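Please read the structure below before turning to the comments.
Bear in mind that the values in this text are calculations on the coordinates, not laboratory data. Here the structure is a predicted model, which means the values were calculated and not measured. Here Cβ is always computed from backbone atoms with ideal geometry, including for glycine, and neighbour counts include all displayed protein chains.
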Amino acid sequence: MAGFWKSSARDKVRNGVFLGLIFGLLLASSVIPWINSIVMFVINKIPTTYHFQYIEYVVWGLIGSLLGYIIDKY
């Protein structure tokens, strides 16, 4: 566990994805209108048969993980 925060040659993006996921989940509980409009835009693109109670948290987790991956990779 001590080496988790250190980047290795094998996995350069693990930390960014993990921290992006945490950040995305924290943003999911916010009440900022423009943030919620992004989530609702993505949720409206998903068919209603795949909706469930916590879909907003999953969407924010994926957005945060993707942003963390991009930032850590490049």
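What residue, among those in segment 25-74 that are charged (D, E, K, R) and within 25 Å of Asn15 (Cβ to Cβ), is surrounded by the most Cβ atoms within 10 Å (Cβ to Cβ)? Applying the filter and picking the extreme gives Asp72. Taking segment 44-74 as the range and being of a type outside the set (D, E, K, R) and more than 18 Å from Leu26 (Cβ to Cβ) as the test, the residues that pass are Asn44, Ile46, Pro47, Thr48, Thr49, Tyr50, His51, Phe52, Gln53, Ile70, Tyr74. Segment 8-74 holds helices (runs of 4 or more DSSP H) entirely within its bounds, and those carrying 1 or more residues that are in contact (Cβ under 8 Å) with a residue 40 or more places away in the chain map to 14-28, 55-73.
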